[in-house]
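K.L.:
Mind having a look at this structure? Questions to follow.
All of the numbers you see were taken from the coordinates with simple rules; none came from a lab. Note that the structure is a prediction, hence the values are computed from the model and not measured. Ideal geometry is used to build each Cβ from the backbone, glycine not excepted, and the neighbour counts take in all protein chains shown.
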Amino acid sequence: MRPALVLALCLLTFGVLDGALLWQSGQRRASWPVRMGSAAIATAAMGLTDLCLATEARYTRHPAVSDSLAPFMDHPGSLEHFPTGSFWAWPGENQKEPTP
Amino acid sequence: MNRALEKQLNLLDYTLASLRRRKLKNLGIMIVFAAVIFLVASFQFLTASLTATAQDLLAEAPEIVVQKMSAGRQEALPLSYLAKLEGLYGIRTVAPRIWGYYFSETSGANFTILAVDPALMPKGDRLFQALEGKLPGVGQGEVVLGSGVAADLNLAGRRSFSLFRPDLTLKPLTVVGNFKADTDLLTSDLIFTTPDAARDLFAIPEDHCTDLCVYVANPREIGTIAKKIAALLPATRIVTRPQISQTYRVVFGWRSGFASICLLTALAAFIILAWDKASGLSAEEKREIAILKVLGWQTGDVLLLRCWESLTVAGLAWLLGCTAAYIHVFWLDGELFKPVLLGWSVIHPQLKLLPAVAAPDLLLIFTMSVVPYLAATVIPAWRAAIIPPDAAIR
């Protein structure tokens, strides 16, 4: 078999696989609002402000409403030690509070 | 067949045969390259999906949250602030919330305990749709549990359990419902109860709450009302819905430490690879180019050959890396990144994320990986191809 044909078959396999993955992604996106309807109700009815991803530190459990500098505020000279602190970026300027 | 196309196909055939001759080396480069692309693409897909999921699920977060600050920290807020806010034109509802954390000594898990009167909240009358069971009743110490809390408490059919108050007396609680699995990304560590039960558990006085959720009549005025509240209530922190949304747009950014490590690792791997390639071709490769030129190949043909070679290796690595990254993030819930994303958390919610794979992300990964690799391999080939063939063979 011609080598270029082998490459073409290889690319076709990737094309079919990636096409199937993209189709599945589209299906998941389409069914998302239906599946997550109860999550939207929970957010509104309980006034939730954050996703429940990391529960080890308050600044990664509730980054939207906790102190943005909390990693260094636990005590004087305190250093960040929670592993999740290395995944989550500091919200920084985006948490600037409204001023009168 | 078109002559130009036939020429390209012949070149491709020769390229593939050439790659096959050095299959161990080329396969090694492709696998390492695919692994680097997999790492970067996994991070990109995961952060994009977390951001998209947060934007979607938190679209109905409180419009304004008011917290009282003292010495740089949040503290309980007096309910007398409610009366002050009632005088502000444009505010529709103000709902006091009581919430806090409870550390379980036995399992090391952190629970979030939240209490609010659903009657004061938007869609509060539909909260029962988010749970299996019933809503907690006032004065009865009833709670609804998130799936992570239920698994951690391991009640095994029992409905009663107790938590410690600050003075170490026990507060008895009764489970009357569980949040649905669909809400897991929001409620996994949540214990939802009534304000009186939460006050009792946290020993918060009757005339205080943790913070206030403020809803305005016109959502366009959120910023204006937030400024008015800040002027009216000094020593408070005001967090608006657009700020919450913006926080989740940046919190998983490339500047976070782990992303930097991923990107720097990828960059270092690429620099080593490019340096190895750019430092020159091997004597064998130079001789091959010289023989091709003696046989009548032009410099352009040699460059095309190298282009095909690099494009095949880098392109296949890109396809392999991106496909594996997609499967890793959306089918295997990002298992490799979970230890860093969740850290020491004892409660692990299911990461069923909204797939968010955008063409710009794929193009960015392609540009960062394939294009520099092409440049790093074609330039040395061009330098070798312009040397007279007899000099190269000698």
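K.L.:
May I ask for the percentage of alpha-carbon pairs in chain B that lie more than 35 Å from each other?
P.N.:
Every Cα pair in chain B considered, those over 35 Å come to 49 percent.
K.L.:
Something else: Show me the three semi-axes of the equivalent ellipsoid for the protein assembly as shown, from the C-alpha gyration tensor (sqrt of 5 times each eigenvalue), largest first, rounded to whole Å.
P.N.:
Taking √(5λ) for each eigenvalue gives 58, 23, 20 Å, largest first.
K.L.:
Among the listed pairs B:Lys171/B:Lys338; B:Lys84/B:Lys227; B:Lys180/B:Lys352; B:Lys123/B:Lys180; B:Lys7/B:Lys293, which are separated by more than 24 Å between their Cα atoms?
P.N.:
Check vs 24 Å cut-off fails for B:Lys171/B:Lys338.
K.L.:
Could I have the simple spin-label model distance between A:Leu17 and B:Cys307, label points 7 Å from Cα toward Cβ, reported in nm to one decimal?
P.N.:
Simple spin-label model gives 2.8 nm for this pair.
K.L.:
Also, quick follow-up: Could you give the length gained by full extension between B:Arg158 and B:Tyr101, i.e. 0.36 nm per residue of separation minus their alpha carbon distance, to one decimal place?
P.N.:
18.2 nm
K.L.:
So for the pair B:Arg126, B:Glu86, with labels modelled 7 Å out along Cα→Cβ, what separation do we get in nm?
P.N.:
Reported label-point gap for B:Arg126 and B:Glu86 is 2.9 nm.
K.L.:
Between beta-carbons, use under 11 Å as the cut-off and find the net charge around B:Gly108, counting Lys and Arg +1, Asp and Glu -1.
P.N.:
-3
K.L.:
Still on this structure, please answer the following. Each label point is 7 Å from the Cα along the Cα-to-Cβ direction; what then is the distance between the points at B:Leu5 and B:Arg165, in nm?
P.N.:
Each label point lies 7 Å from its Cα, and together they span 8.4 nm.
K.L.:
Which FRET efficiency value, to the nearest 0.05, do you get for B:Ala269 and B:Ile291 by plugging their Cβ-Cβ distance into 1/(1 + (r/R0)^6) with R0 = 35 Å?
P.N.:
Computed FRET efficiency for B:Ala269 and B:Ile291: 0.60.
K.L.:
Right, next: Subtracting the Cα-Cα distance from 0.36 nm times the residue separation, let me have the gained length for B:Asp276 to B:Glu75 in nm, one decimal.
P.N.:
Once the chain is fully extended between B:Asp276 and B:Glu75, it gains 66.5 nm.
K.L.:
Based on DSSP, what percent of beta bridges with both residues in the protein assembly as shown are antiparallel, to the nearest 5?
P.N.:
Roughly 85 percent of the DSSP beta bridges within the protein assembly as shown come out antiparallel.
K.L.:
A follow-up question, please. Taking amide H atoms as placed 1.01 Å from N in the peptide plane, list the residues 5 or more away in sequence, or in a different chain, whose amide H sits under 5 Å from that of B:Cys209.
P.N.:
Distant-sequence amide H within range of B:Cys209: B:Leu77, B:Leu79.
K.L.:
So which lysines pass the test for B:Lys286, namely a Cα distance under 22 Å, with those fewer than 8 places away in the same chain ruled out?
P.N.:
Cα-Cα hits under 22 Å: B:Lys23, B:Lys25, B:Lys277.
K.L.:
Length gain on complete extension for the stretch B:Thr224 to B:Thr93, per 0.36 nm per residue less the alpha carbon to alpha carbon distance?
P.N.:
Full-extension gain reported as 45.6 nm.
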